[in-house]
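For reference, the structure is listed below as structure tokens.
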Amino acid sequence: MSDVDLIVLGCGPAGMTAALAAHEAGAKVAIVERFDRIGGTGAISGGVIWVADNPRQRAAGMSDSRDEALAYFRALDHGDLVDETLEAFADMGPEALAFLEDAGALKVALLDGYPDYYLDRPGAKPEGGRALDHDLFALGELGEWAGRITAIEEPKPMMLRETPLGGGTGVVAPEELQRRMANNERGFGQAMVARLLKACLDRGIEPTCNVETKRLLRENGRVTGIEGTRDGEPYALTARSGVIITTGGFEWDVDKRQTYLRGPMDAPASPPTARGDGLSLMMESGAKLGNMTQGWWAPTLVIPDTPWPSGEERAVPVLIERTVPHSLMVNRAAKRFCNEAANYSALAGAFHQFDPQTYDYPNLPAWLVFDEDYVERYPIGPRLPGQPVPDWVVRADTLPRLAGKLGLAGDALMQTVSRFNAHCDAGHDPDFHRGTSAYDHFYGDRSRQGTAVTLGRIERAPFYAVEIRMGLLGTNGGARTDGQARILGHDGQAIPGLYGAGNAIACPTGGIYAGAGGTLGPALTFGYIAGRTAARANL
Ligand SMILES: Cc1cc2nc3c(=O)[nH]c(=O)nc-3n(C[C@H](O)[C@H](O)[C@H](O)COP(=O)(O)OP(=O)(O)OC[C@H]3O[C@@H](n4cnc5c(N)ncnc54)[C@H](O)[C@@H]3O)c2cc1C
């Protein structure tokens with residue numbers, strides 16, 4: 001006799017969605033978490049969800065379709081896409097979102113005008129509509145679970161759509177902000193994870209935390225449970241219909257990232273919960289892997305004075321800093337090497353460029369160089385305009401002195417800045433075309449006009465620099481699934497009783513970051529598919 005019908009391993013966005021979908025389909029579900037916090041990477045994320053032809057788009061009368069979405073992905077394919085899983089995402093995404101909204105597990109709104117990332121491709125939406133933001137959530141609704149969400153001590157009392165990044169002004173009246181803080185209201189990924197958790201708790205699906213799964217149990221070739229330890233004591237749980245793996249990516253496992261990722265990556269922006277545990281369990285079960293070289297790449301900035309509570313170095317994605325005026329990025333030769341304002345995921349290609357002559361990566365390390373005009377107006381990681389510049393930012397009175405502190409050639413940096421300034425004056429960057437795409441404008445300083453949203457001279461001393469590292473928001477390779485989220489073995493057949501979703505599997509969109517929310521859209525959709533498939537497997 002099994003303890004439950006189904007075990008979901010991992011209490012992040014994909015896992016909680018899977019648990020809710022399985023419960024809705026009639027299964028008795030247990031959701032099991034390795035750590036004592038809920039939400040994983042999802043909890044510190046922007047929470048944006050990308051789904052084509054979604055219910056909010058339809059309600060707003062915006063036109064979209066699965067065929068446009070498929071055309072868009074196929075126009076970006078470099079051989080990673082698998083028709084069956086891609087089509088399952090396009091077909092089921094809207095239904096998964098509608099399900100979560102109806103279940104009270106999400107409350108989302110359009111991010112007005114947030115464009116897709118590759119606007120020159122057929123099926124892309126320059127006017128946005130596919131990226132969704134979360135309404136605020138009052139943490140008190142979670143009762144004793146309110147303090148159990150990853151990094152919940154860092155309050156995010158705003159919605160993305162209120163910030164410049166989400167198309168807003170960034171200004172919320174101080175009394176309204178105070179009210180939100182007093183009421184413990186949260187936006188972004190915190191709202192997403194909290195609402196998913198609340199929907200689980202409302203249905204009696206309470207996470208079992210601190211379980212370290214050492215192996216999957218099997219009976220007659222079927223996965224039937226987990227075995228390991230809980231708080232150091234032996235622990236086992238059995239399930240009639242099997243196990244859904246939603247343990248996130250493998251970026252915090254140094255061995256796995258060195259084995260699989262296509263290029264250097266040493267500063268992930270995710271919390272150190274993404275350790276590839278689920279990947280190991282699925283490999284031991286004979287899973288076929290896919291997409292392993294890829295990640296949801298992002299240039300990152302390490303914030304030395306705020307490590308993770310468990311001691312690991314903490315990095316944040318660098319989005320605004322390299323897009324707004326009065327900043328540029330240089331490599332070891334003190335030369336620009338890319339359109340700094342390009343989308344974060346595609347930008348990794350520039351960092352991973354390999355020089356066969358020197359047998360090295362010329363664009364690592366890289367530095368963001370900026371001036372006093374920048375410092376007056378724009379943020380640097382957690383430091384907001386008006387606040388003191390942190391000690392970990394390198395500073396000098398002149399560009400040659402700054403170059404000296406960075407170990408760069410001073411004359412080369414002077415030449416680079418002078419050429420960049422000439423481009424700013426001309427309003428045109430012939431070297432890398434910064435400022436020509438709608439994406440560059442969306443993330444730039446929209447109080448300015450034309451290419452000046454992103455191009456601005458670097459001329460006012462003192463001058464500053466920070467090292468830009470190669471990081472990611474999560475890996476997106478893992479076990480291959482079919483369109484029903486069943487994990488496939490090397491023979492291409494589904495492994496009985498084993499399912500997966502989120503960053504633990506080979507993402508149905510391959511390595512393509514379609515637009516804001518491009519990782520959570522597939523994660524929630526495949527969580528939904530996995531929950532339903534697994535629950536129905538033994539009915
Ligand atoms: C700063 C930042 C911002 C981001 N913003 C966005 C955004 O706006 N939109 C977007 O689409 N994506 C965004 N992402 C990426 C997104 O958060 C992830 O891709 C997504 O959370 C993956 O979901 P998941 O459920 O697969 O994994 P996770 O969110 O990592 O959840 C996995 C869960 O499994 C648990 N776990 C791990 N190992 C085990 C184990 N052995 N047993 C049991 N449980 C285990 C973890 O603790 C965690 O709770 C962002 C990421 C970062 C770092």
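The values are calculated or read from the model by the stated rules, or taken from the named source; none is laboratory data. In this text, all values refer to a predicted model and were calculated from it rather than measured experimentally. Ideal geometry is used to build each Cβ from the backbone, glycine not excepted, and the neighbour counts take in all protein chains shown. Heads up: the accessible areas ignore ligands, DNA and RNA and are worked out on the full protein's heavy atoms, side chains in. Shrake-Rupley method; radii C 1.70, N 1.55, O 1.52, S 1.80 Å.
Which of the peptides 195-205, 341-351, 509-519 is most tightly packed, and how do the rest follow, judged by the mean count of other Cβ atoms within 10 Å per residue?
Details: 195-205: 20.3, 341-351: 22.2, 509-519: 26.2.
The packing order, highest mean first, is 509-519, 341-351, 195-205.
Given Cα pairs under 8 Å that are at least 6 residues apart, what percent is the relative contact order of segment 154-300?
Values: 149 pairs, mean separation 19.5, N = 147.
Normalised by residue count, the contact order of segment 154-300 is 13 percent.
Helix-only estimate, please: 222 nm mean residue ellipticity of the chain, summing -39500 (n - 2.57) across DSSP H runs of length 4 or more and dividing by its residues, to the nearest 500. Can you show the working numbers first?
On the way: 15 runs with 150 residues, N = 539.
Per the formula, -8000 deg cm²/dmol.
Run the accessible area of segment 297-472 with a 1.4 Å probe and give the carbon-and-sulfur part as a rounded percent.
Values: 3890 of 7290 Å².
Looking at segment 297-472 in its full context, I get 53 percent from C and S.
Of Lys28/Lys107; Lys256/Lys288; Lys107/Lys156; Lys214/Lys256, which ones are farther than 20 Å apart at the Cα?
Details: Lys28/Lys107 25 Å; Lys256/Lys288 16 Å; Lys107/Lys156 16 Å; Lys214/Lys256 17 Å.
Beyond 20 Å: Lys28/Lys107.
Leaving out ligands and nucleic acids, note down the accessible area per residue over the chain with a 1.4 angstrom probe, in whole Å².
Working: 20330 Å² over 539 residues.
With the other protein chains kept in place, the chain gives 38 Å² per residue.
Using the beta-carbon distance between His428 and Arg215 and R0 = 51 Å, what value does 1/(1 + (r/R0)^6) give for FRET efficiency, to the nearest 0.05? Don't skip to the end; give the middle numbers.
Values: r = 60 Å, r/R0 = 1.17.
Using R0 = 51 Å, I get an efficiency of 0.30.
Take each of the peptides 483-495, 355-367, average the number of other beta-carbon atoms within 10 Å over its residues, and list them starting from the highest. Could the numbers behind the result be given before it?
Working: 483-495: 18.8, 355-367: 14.5.
Those peptides, ordered most packed to least, come out 483-495, 355-367.
Let me know the shape class of segment 297-472, please: from the alpha-carbon gyration tensor, a ≥ b ≥ c as square roots of the eigenvalues, rounded when a/c is under 1.5, otherwise prolate if a/b is greater than b/c, or oblate.
rounded
Quick one: which of 388-397, 219-228, 370-379, 236-245 comes out on top by average Cβ neighbours within 10 Å, and what's the full order, highest first? Before the final figure, lay out the partial values.
Details: 388-397: 13.4, 219-228: 16.8, 370-379: 18.8, 236-245: 25.5.
Result, highest mean first: 236-245, 370-379, 219-228, 388-397.
For segment 246-324, which GluC sites (Glu not before Pro) are both in a DSSP coil and crowded by at most 10 other Cβ atoms within 10 Å? Please list the in-between numbers first.
Numbers: sites: Glu251, Glu284, Glu312, Glu313, Glu321; in loops: Glu251, Glu312, Glu313, Glu321.
Nothing satisfies the criteria.
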